[in-house]
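Before any comments, here is the structure.
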Amino acid sequence: MKALRTKAKLISGLVTISTVFVLALVMLTSPAGAQRKMIQIKGSDTLVNLVQILAEEYMAKKPGVAIAVLGGGSGTGITALINGTCDIANHSREWKPKELDLAYERGVKPRIFAIAVDGLSVIVNDKNPVNSLTMAQLGSLFRGEIKNWKQVGGPDLRVSLYGRQSNSGTYVFFQEHVLGNKNYSPDVKEMNGNAQIIESVTQDVAGIGYVGVGYLFDESGQLRKGIKVLKIKKDEGSPEYSPLDKEAVYSARYPISRPLYQSTNGKPSGNVADFIRFILSPEGQAIVEKEGFFKIGKELMAENEKNLR
Amino acid sequence: MASVKKKGVFGDLKESLIRRVFEASGLLAIIVLMGIFALLLATAVPAFREIDLKEFLTSATWDPTSPEKAEYGILSMLASTLMVTFGALLLAFPVGVAVAAYISDVASPRVREIVKPIVELLAAIPSVVVGFIGIAVVGPLIAKIFNLSHGLTALNGSLLLAVMALPTIISISEDALNSVPVSYVEASLALGANRWQTLVRVKIPAALSGIVASMMLGMGRAIGETMTVLMATGNARSFPQGFLQSVRTLTAGIAIELGEVPYYTTHYYALFALGLVLFVMTFFVNLAADLILEKQKRKLQ
């Protein structure tokens, strides 16, 4: 304990010293006007890396513009925007009605831009006759409530679940989005990455797993052998979408996908507007795809254009 | 004596210096061990500010990142570890002792010279390679034999760990058999016993504590093995129901979660508590093996 406290003290001391040093360095080197041009971005941890990379690319093109990107979670970003302590809020969920009320009360009129789409695909063995599942069925399967494929129209086989480890963002996304923030079944086999899930499902006739869409294809762009990508329905009555249908993913109609957003206070102007335009440009969207997310589809992009005008 | 005198004062100095260096090296091993233990203890204890010790030891649910309620029960992982380990020993011990007896008593010197290095080479296979063999070969085979949909089971882990524990069991058992005094064997043969009777009724009983110690050391190896079981046993968190189910061992649990756990949180400290449990387990298994080996040495002198 004592050793730990001393260590913590040492670390905090080091942090203080380095902070002072960095501050001094910044004050010495930055031109006087830089402070005014600094764009403050705060919010979603899902987005923090992507936006950081976008910001670095943008700053390389436009020297003199400084962008600071902070994480903290979607809620933190939205609160900061309401309080006027940031220029752009990153968020991976939509605004809650409560937050919108509070914003309007304070005279903040959020403009929302979808900048990328996050999505997962669900795979089974290609010998499994099941072709599609509803979100509710998928949730029940991974919560361990449905134990036999018979219950969802498949063969009389015990369901064999494959997932990621709890440190994976995919694990959390799937838990929040599909399981309704309930516990995973303890029978989920925790695999070391997307590739191992695919490998296991290929061999397991009763297997089901979730992986990023990018992992479904081999080097030559062909869908991997031995697996089947399930179509997903939001509920029993709604149409089914495959994650292989790019337009369905881009437009976030595929149910296990979510748009990732940035919000500004009112119509963005100046450098903020320019930065958002850069993200939405083909160049920015190419970075989005390179970082493992999806591009924004036509419909969402049309919305974005409207909000920029 | 004359040569010692020639070295004079410097010779003495050199000798004492060398002795110091060796003493320091011996001490270092102890310091490192104590240091690891102290670090584990210091980092594990804060976990129990929020976790009930009784729940930690008796609950079967481990789900620290649960959105409903974080649970920290190690019972499932503990049971899985013990199950996979004992399964491995059950497979490796008879085979290991048989191979040791073969090498020490049956094989011709020429065969012995070939078999022994091969057995020792078995210990040189990296565990990640063994794990891969588990995924690619042994697992599918188990699935086929037992008509399962997949082979990522406790049995898969036990089989692979058995292979990994074999070199330890074989080489220490063989040492034990070889250290049985020749007079025992001669006496037995003189009384009219054949080689088989001598081996089973005289040599193995005389070397028994060494053989048991080899098993314990093999067990120590199996308990602590991480990569192989991580890859081969499926890592399901549920309480193990049998050898044909996926299980998650203590080592795999730590390896899976320590990678990206937020530092200095209850979850982080709890993972060190798992490490402490593991340390205590392997420590006592190894200690017991040492004590048994010591006893055998004294008995045969």
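Determine, yes or no, whether A:Tyr254 is within 18 Å of the chain's Cα centre (by Cα), crowded, with 17+ Cβ neighbours inside 10 Å, among the hydroxyl-bearing types (Ser, Thr, Tyr) and modelled with pLDDT of 85 or more.
Details: within 18 Å of the chain's Cα centre (by Cα): yes; crowded, with 17+ Cβ neighbours inside 10 Å: yes; among the hydroxyl-bearing types (Ser, Thr, Tyr): yes; modelled with pLDDT of 85 or more: yes.
Criteria met by A:Tyr254.
Quick check on the range B:178-194. Is at least one of its residues in contact (Cβ under 8 Å) with a residue 12 or more places away in the chain, farther than 19 Å from B:Glu294 by Cβ, part of a helix (DSSP H, G or I) and under 25 Å from the mean Cα position of the chain (by Cα)?
The answer is no; no qualifying residue exists.
One residue is enough: does the range B:246-260 have a residue meeting the conditions within 8 Å of chain A (Cβ to nearest Cβ) and acidic (Asp, Glu)? Lay out the reasoning, then the answer.
Kept after step one, since they are within 8 Å of chain A (Cβ to nearest Cβ), are these residues of the range B:246-260: B:246, B:248, B:256-257, B:259-260.
Add one more test, that the residue is acidic (Asp, Glu), and what stays is B:257, B:260.
Among the residues of the range B:246-260, at least one is within 8 Å of chain A (Cβ to nearest Cβ) and acidic (Asp, Glu), which makes the answer yes.
Residues checked against (1) farther than 30 Å from B:Asp175 by Cα; (2) touching a residue at least 40 places away in the same chain (Cβ under 8 Å); (3) within 11 Å of another protein chain (Cβ to nearest Cβ):
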site	(1), (2), (3)
B:Ala101	no, yes, no
B:Ala107	no, no, no
B:Ile125	no, no, no
B:Val130	no, yes, no
B:Ala136	yes, no, yes
B:Leu141	yes, no, no
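Given A:Leu300, A:Leu260, which one is farther than 30 Å from B:Gly253 by Cβ and out of contact with any Leu (no Cβ under 7 Å at 6 or more places or on another chain)?
Unique residue meeting the criteria: A:Leu300.
When you scan the range A:182-217, how many residues do you find that are more than 10 Å from every other protein chain (Cβ to nearest Cβ) and under 13 Å from B:Met231 (Cα atoms)?
From the range A:182-217, those more than 10 Å from every other protein chain (Cβ to nearest Cβ) are A:193-195, A:197-198, A:202, A:208-217; that's our starting set.
Subset that is under 13 Å from B:Met231 (Cα atoms): A:193, A:195, A:197.
Of the residues in that region, 3 qualify.
Any idea which of (1) within 12 Å of chain B (Cβ to nearest Cβ); (2) under 23 Å from A:Ser242 (Cα atoms); (3) crowded, with 17+ Cβ neighbours inside 10 Å; (4) within 17 Å of the chain's Cα centre (by Cα) is the one A:Ser166 doesn't satisfy?
Failed condition: (2).
Going by the conditions given, is A:Ser132 more than 14 Å from every other protein chain (Cβ to nearest Cβ), among the polar types (S, T, N, Q) and surrounded by 20 or more Cβ atoms within 10 Å (Cβ to Cβ)? Outline the logic, then answer.
Values: more than 14 Å from every other protein chain (Cβ to nearest Cβ): yes; among the polar types (S, T, N, Q): yes; surrounded by 20 or more Cβ atoms within 10 Å (Cβ to Cβ): no.
In short, no.
From the residues in the range A:117-146 that are closer than 20 Å to B:Asp63 by Cα and of a type outside the set (A, V, I, L, M, F, W, C), which one is farthest from the chain's Cα centre (by Cα)?
Within the range A:117-146, the match that is farthest from the chain's Cα centre (by Cα) is A:Glu145.
So, of the residues in the range B:143-155 that are in contact (Cβ under 8 Å) with a residue 60 or more places away in the chain and aliphatic (A, V, I, L, M), which turns out to be nearest to the other protein chains (Cβ to nearest Cβ)? Steps first, please.
The first filter runs over the range B:143-155 and keeps only residues in contact (Cβ under 8 Å) with a residue 60 or more places away in the chain, leaving B:146, B:148, B:150, B:152-155.
The next check asks that each one be aliphatic (A, V, I, L, M); those that pass are B:148, B:152, B:154-155.
Working: B:Leu148: 9, B:Leu152: 6, B:Ala154: 12, B:Leu155: 15 Å.
This residue is B:Leu152.
Mind checking which residues of the range A:222-236 are part of a loop (DSSP other than H, G, I, E, B) and more than 24 Å from the chain's Cα centre (by Cα)?
Filtering the range A:222-236 for residues part of a loop (DSSP other than H, G, I, E, B) gives A:222, A:224-226, A:230, A:234-236.
A:Gln222, A:Arg224, A:Lys225, A:Gly226, A:Glu236 - these are the residues of the range A:222-236 that are part of a loop (DSSP other than H, G, I, E, B) and more than 24 Å from the chain's Cα centre (by Cα).
State yes or no: is A:Gly144 out of contact with any helix residue (DSSP H, G or I) (no Cβ under 9 Å at 6 or more places or on another chain), within 13 Å of chain B (Cβ to nearest Cβ), of a type outside the set (S, T, N, Q) and more than 30 Å from A:Val48 (Cα to Cα)? First the steps, then the outcome.
On the way: out of contact with any helix residue (DSSP H, G or I) (no Cβ under 9 Å at 6 or more places or on another chain): yes; within 13 Å of chain B (Cβ to nearest Cβ): yes; of a type outside the set (S, T, N, Q): yes; more than 30 Å from A:Val48 (Cα to Cα): yes.
Taking the combined requirement at face value, the residue satisfies it.
Okay, residues lined up against (1) without any contact (Cβ under 8 Å) to a residue 24 or more places away in the chain; (2) in contact with a strand residue (DSSP E or B) (Cβ under 6 Å, 6 or more places away or on another chain); (3) aliphatic (A, V, I, L, M):
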{"position": "A:Gly180", "(1), (2), (3)": "no, no, no"}
{"position": "A:Asp187", "(1), (2), (3)": "no, yes, no"}
{"position": "A:Gly209", "(1), (2), (3)": "no, yes, no"}
{"position": "A:Gly221", "(1), (2), (3)": "yes, no, no"}
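Conditions first: (1) within 14 Å of the chain's Cα centre (by Cα); (2) assigned to a strand (DSSP E or B); (3) modelled with pLDDT of 90 or more. A:Val51 passes all but one, so which condition is the exception?
(2)
If I filter the range A:214-227 for residues that are surrounded by fewer than 15 Cβ atoms within 10 Å (Cβ to Cβ), touching a Gly at 6+ places or on another chain (Cβ under 9 Å) and within 24 Å of A:Gly71 (Cβ to Cβ), do I get at least one hit?
Yes, some residue in the range A:214-227 is surrounded by fewer than 15 Cβ atoms within 10 Å (Cβ to Cβ), touching a Gly at 6+ places or on another chain (Cβ under 9 Å) and within 24 Å of A:Gly71 (Cβ to Cβ).
Going residue by residue through the range B:24-37, is there one that turns out to be assigned by TED's automatic domain parsing to the domain that holds B:Gly220, without any contact (Cβ under 8 Å) to a residue 60 or more places away in the chain and closer than 30 Å to B:Ser158 by Cα? Talk me through it step by step, then tell me what you get.
Looking only at the range B:24-37, we keep the residues that are assigned by TED's automatic domain parsing to the domain that holds B:Gly220, and these are none.
Within the range B:24-37, not a single residue is assigned by TED's automatic domain parsing to the domain that holds B:Gly220, without any contact (Cβ under 8 Å) to a residue 60 or more places away in the chain and closer than 30 Å to B:Ser158 by Cα.
Consider the range B:74-97. How many of its residues are farther than 20 Å from B:Thr226 by Cα and either touching a helix residue (DSSP H, G or I) at 6+ places or on another chain (Cβ under 9 Å) or within 14 Å of chain A (Cβ to nearest Cβ) (or both)? Break it down into steps so the answer makes sense when it comes.
Going residue by residue through the range B:74-97, those that are farther than 20 Å from B:Thr226 by Cα are B:93-97.
Now drop any that are not either touching a helix residue (DSSP H, G or I) at 6+ places or on another chain (Cβ under 9 Å) or within 14 Å of chain A (Cβ to nearest Cβ) (or both), which leaves B:93, B:95-97.
Qualifying residue count, the range B:74-97: 4.
I need the full set of residues from the range B:200-233 which are within 14 Å of another protein chain (Cβ to nearest Cβ) and crowded, with 24+ Cβ neighbours inside 10 Å, in order please.
First, pick out the residues of the range B:200-233 that are within 14 Å of another protein chain (Cβ to nearest Cβ): B:226-233.
Selection gives B:Thr228, B:Val229, B:Leu230, B:Met231, B:Ala232, B:Thr233.
The values are calculated or read from the model by the stated rules, or taken from the named source; none is laboratory data. Everything quoted here is computed from the prediction, not taken from an experiment. Using ideal geometry, Cβ is built from the backbone for each residue, glycine included, and neighbour counts are taken over all protein chains shown.
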